[in-house]
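A quick write-up on the structure given underneath.
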Amino acid sequence: MTCPDVGVWRAWLDEETAVPGPEEHLAVCGSCAAMVAELRTTSDLARRQMALLLSQPVSVERTSVQSARQRWPRRGWKVAAAVAVGVALMATPTGRAWGETFLSQFRVERFDLVTLSAVEAARTGEILDRLGEVEGTPLSEPEVVESVAAARQETGLSLPDLGPDATVAVIEASEMRLGFDSDEVGSYLTEEGSASSIPEGLDETAIIVRRPVAAVVALEEDGRPTLVVGRSGPIETAVEGPMDPERLRRFLLDLPGLPEGVVAQLAAIPDWRSSLPLPIPVDVASASTVDIGGVEVTRVDVPGFGTGYVWVEPDGTVTGVAGDDPAEALALAQQLTAR
Amino acid sequence: MAQQRRRLERLVAGVLDRSEAEDVVQEALIRLGADPVRHRPYPEVASWLRRVCLNLAFNRRRDLARWRQRAVRGGAPELASRPHQPDEVWMAAENREAVRAILDTLSERHRAVLLLRYSGYSYAEMSASLEMPLSSVGATLARAESAFRNRYEEQPHDLS
């Protein structure tokens with residue numbers, strides 16, 4: 001008998017096809033026997049794991065019980081670095097920063113919280129995706145360096161020493177550029193039935209966000225960062241092209257389809273030129289503005305994962321602290337703001 | 001239709017949380033109302049619905065992942081999908097998300113095959129839903145399971 005192929009054996013295991021004299025064949029054919037054994041093991045594993053997924057209970061209710069194991073995400077370094085450096089400007093629903101969109105030619109001096117749900121975030125992102133092309137990346141991979149001293153030398157940033165067990169990394173400077181495409185914008189407006197006209201000069205206009213080199217110092221446990229501090233030099237934004245920044249801002253805020261609550265919050269930011277809207281996903285996190293030693297600090301709590309603090313210092317340096325122990329994170333934030 | 005809807009929601013719940021799965025199925029049903037396929041025999045309609053539901057779910061999952069990445073960079077240490085939950089609920093959710101994370105690394109075809117198979121669909125239904133020859137289903141499933149196992153074994157943790 002010719003050996004059935006892998007697909008036939010797999011279907012046979014599921015009783016979806018017939019194989020003539022299968023047991024007899026397996027008894028005399030070592031390669032088929034090995035293949036079927038492997039298929040069984042693999043499908044058993046897949047079945048068990050998929051059952052975890054597909055037998056889930058419906059609608060998980062939220063409770064006020066804090067019982068989840070405190071830990072950091074497996075994404076580890078990259079996430080920790082993002083948090084710690086406080087690259088909030090890059091935090092947009094779809095990778096297009098509100099910060100990019102609503103800042104212009106000014107250095108970031110403070111953060112303003114913008115709360116939004118996952119649905120609002122997704123909707124906002126869909127719209128921003130239609131505006132044009134983004135070039136550049138918000139965050140390059142951190143590169144581990146020997147010591148805090150080495151990071152200080154490389155970046156010029158003042159960094160705390162968290163002890164001999166700390167890992168130190170440097171993140172290269174980055175630039176993101178959002179270039180508008182009036183054809184894309186026009187087709188979106190048409191789809192939405194909007195009578196708005198496309199502002200003159202939109203095609204030649206771009207928003208640029210520059211983040212200088214940054215550094216991160218972290219303590220880890222079992223490969224997970226447990227306490228992280230990061231610093232970046234002043235974050236700068238610019239509007240390049242013929243459009244007046246205020247006119248561009250008004251046009252973007254008036255785009256049809258944007259969630260009303262998000263627009264209202266953005267429109268209410270008093271000094272939008274030097275404020276960075278920080279999106280807070282209300283489904284999973286909470287945030288507030290707190291005073292630490294006279295410094296206005298944004299605190300973000302993600303239950304089950306920890307607490308982060310981020311602030312902009314008078315010279316424009318952005319500092320972020322995050323830890324899975326809220327008290328420890330606060331103590332470090334207090335220490336750094338007191339300097 | 002109610003039973004069909006529950007089956008679809010269960011299928012999509014392999015990709016998204018339940019409330020989002022319900023939204024996806026609702027959207028697929030709305031699309032069905034505007035698509036000529038609604039006049040076709042029931043098996044064709046059912047296959048069409050499964051296909052559209054999976055595509056919508058994969059797209060939404062991708063959008064959410066992108067959004068979470070950006071939001072994380074905005075100062076939240078991590079975007080857990082559930083903030084406060086009792087232990088057993090948390091662990092169940094963690095396990096589900098860990099399996100979803102493995103699925104995310106697979107091709108859409110492999111993901112779809114696994115989701116359909118372990119949601120209880122037959123090879124004939126899988127063939128129709130994925131527009132692949134019936135004779136290819138077994139081999140595709142075997143490859144998908146093998147890819148899943150490889151990714152699973154690369155994980156540093158145990159899913160249980």
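Observations on the model:
- Considering the conditions (1) more than 10 Å from every other protein chain (Cβ to nearest Cβ); (2) in a loop (DSSP other than H, G, I, E, B), B:A112 is excluded by exactly one of them, (2).
- Residue within the range B:123-133 that is part of a helix (DSSP H, G or I), more than 15 Å from the chain's Cα centre (by Cα), at pLDDT below 75 and at the interface with chain A (Cβ under 10 Å from one of its Cβ atoms) present: no
- Pair list, Cβ < 8 Å and 6+ apart or interchain, from the range B:51-64 residues that are among the basic types (K, R) to residues that are part of a helix (DSSP H, G or I): B:R51/B:S129; B:R51/B:L130; B:R60/A:A122; B:R60/B:E20; B:R60/B:V24; B:R61/B:R100; B:R61/B:D104
- When residues of the range B:18-42 are limited to those that are within 14 Å of another protein chain (Cβ to nearest Cβ) and surrounded by fewer than 23 Cβ atoms within 10 Å (Cβ to Cβ), the one nearest to A:L53 (Cα to Cα): B:R18
- Odd one out for A:S197 among (1) closer than 20 Å to A:G320 by Cα; (2) modelled with pLDDT of 85 or more: (1)
- Scanning the range A:175-184 turns up at least one residue that is part of a strand (DSSP E or B) and within 17 Å of A:P234 (Cβ to Cβ).
- The range A:298-331 - residue that is away from every other protein chain (no Cβ under 11 Å) and crowded, with 20+ Cβ neighbours inside 10 Å and, of those, modelled with the lowest pLDDT: A:V312
- Residue satisfying condition, being surrounded by 15 or more Cβ atoms within 10 Å (Cβ to Cβ) and at positive phi, within set A:G201, A:G193: A:G201
- Wholly enclosed helices (runs of 4 or more DSSP H) of the range A:1-58 bearing at least 3 residues surrounded by 14 or more Cβ atoms within 10 Å (Cβ to Cβ), in contact with a helix residue (DSSP H, G or I) (Cβ under 8 Å, 6 or more places away or on another chain) and free of Cβ contacts under 8 Å to residues at least 24 places away in the same chain: A:6-13, A:30-54
The values are calculated or read from the model by the stated rules, or taken from the named source; none is laboratory data. Please read all numbers here as calculations on a predicted model, not as lab measurements. All Cβ positions, even for glycine, are placed from backbone atoms using ideal geometry, and neighbour counts span all protein chains on display.
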